[in-house]
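Participant: Before anything else, here's the structure in question.
The values are calculated or read from the model by the stated rules, or taken from the named source; none is laboratory data. Source: prediction; values computed, not measured. With ideal geometry, Cβ positions are generated from the backbone for all residues, glycine too; neighbour counts draw on all protein chains shown.
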Amino acid sequence: MTVYENLIYAEPNDMPLGLDLYQPDGEGPFPVLMLVHGGGWCQGDRQGYAEHGRYFADAGYLAASIDYRLAPANPFPAACEDVTAAAAWLIEHAAEYGGNPARFGAYGGSAGAHLVAWLATSPDTPLTCCAEWAGPMDMRREPVTYHYRGYGLAFMGACVHEDPATYDAASPLYRLTVGAPPLLLVHGVEDAVVPADHARWMLEKARELGAPAEMVLLDGVGHTGGASGIPELASGWEAMMAFFARRLQAVRIA
């Protein structure tokens, strides 16, 4: 594969934001995957998903691991604006690197899972499909457990009772519509950071609406953003790879 490092996709408030692009060998055009790292919205960077980028490129995807602005210096909606800008950049430039932006998926873990699900539930989202692993779907109801509450407060910038409308606007659960792209929810049953109920709530809402969604719960697994090659996570990875292979073969019809 070929790796293109630190391609600048946006400069909000004169802050350059970069992505690393992992291009498979071959002629293409390749399906495009945007990868969004976790870290409680407050830490981490695109290099944290370098292994993911290489894994997906080996599987034939043009994969982009992105940076975004971190809290508390940049509370909601900064990171959501950034994933939106990164998606727009990829739509515009993917063909230059052998990608097909009409087959455009996203994957994120933990806080990154929240961000890709937020993008997937945005009006006129460019995503064909989205896989989220252990992400908070409802920012009102315990997005992270008590011990980690500082991360959620740093991201939101206020307590829920001070600004409930903003908490709703930040919640993929309340943004989900019947027109959303297919969504895969992967979550460890023993997650002590982001309760697995978030995946269950999202699936229940999708079924009520008739929106396309599926869920994989991993018994005995705690909080993780997903990683390849770990036996206890294998069923989640298998489901995700099958999901992307199935959903990115053709353009989603609205």
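Participant: Check Gly60, Gly99 and return the single one that is surrounded by fewer than 18 Cβ atoms within 10 Å (Cβ to Cβ), within 20 Å of Pro182 (Cβ to Cβ) and either aromatic (Phe, Trp, Tyr) or in contact with a Gly (Cβ under 8 Å, 6 or more places away or on another chain) (or both).
Facilitator: Every option except Gly60 fails the conditions.
Participant: Separate question: I'd like to check something: does segment 129-152 contain any residue that is surrounded by 16 or more Cβ atoms within 10 Å (Cβ to Cβ), of a type in the set (D, E, K, R) and touching a Leu at 6+ places or on another chain (Cβ under 7 Å)?
Facilitator: Scanning segment 129-152 turns up at least one residue that is surrounded by 16 or more Cβ atoms within 10 Å (Cβ to Cβ), of a type in the set (D, E, K, R) and touching a Leu at 6+ places or on another chain (Cβ under 7 Å).
Participant: Next question. Tally up the residues in segment 159-186 that are touching a residue at least 24 places away in the same chain (Cβ under 8 Å) and surrounded by fewer than 16 Cβ atoms within 10 Å (Cβ to Cβ), please.
Facilitator: Qualifying residue count for the region: 7.
Participant: Only one residue in Gly222, Gly210 is surrounded by fewer than 18 Cβ atoms within 10 Å (Cβ to Cβ), at negative phi and not aromatic (Phe, Trp, Tyr), so which one is that?
Facilitator: Criteria check complete, one pass: Gly222.
Participant: Can Gly40 be described as surrounded by 15 or more Cβ atoms within 10 Å (Cβ to Cβ), at pLDDT 95 or above, at positive phi and touching a Phe, Trp or Tyr at 6+ places or on another chain (Cβ under 6 Å)?
Facilitator: yes
Participant: Do you know which residues across segment 58-84 are under 25 Å from Met1 (Cα atoms) and either at pLDDT 95 or above or in a loop (DSSP other than H, G, I, E, B) (or both)?
Facilitator: Ala59, Gly60, Tyr61, Leu62, Ala63, Ala64, Ser65, Ile66, Asp67, Tyr68, Val83
Participant: Scan segment 175-198 and tell me whether some residue there is among the hydroxyl-bearing types (Ser, Thr, Tyr), at pLDDT 95 or above, within 16 Å of Asp138 (Cα to Cα) and part of a helix (DSSP H, G or I).
Facilitator: no
Participant: Which pairs turn up if I take residues in segment 14-34 that are in contact (Cβ under 8 Å) with a residue 12 or more places away in the chain and part of a loop (DSSP other than H, G, I, E, B) and look for partners that are surrounded by 24 or more Cβ atoms within 10 Å (Cβ to Cβ) and not aromatic (Phe, Trp, Tyr) with beta carbon separation below 8 Å, at least 6 apart in sequence or on another chain?
Facilitator: Short answer, once both residue conditions are applied: Pro24/Leu62; Gly28/Leu62; Gly28/Gly99; Pro29/Gly99.
Participant: Scan segment 157-173 residue by residue and report those that are closer than 16 Å to Ser110 by Cβ and either out of contact with any Asp or Glu (no Cβ under 7 Å at 6 or more places or on another chain) or outside any loop (DSSP other than H, G, I, E, B) (or both).
Facilitator: Residues satisfying the conditions are Ala170, Pro172.
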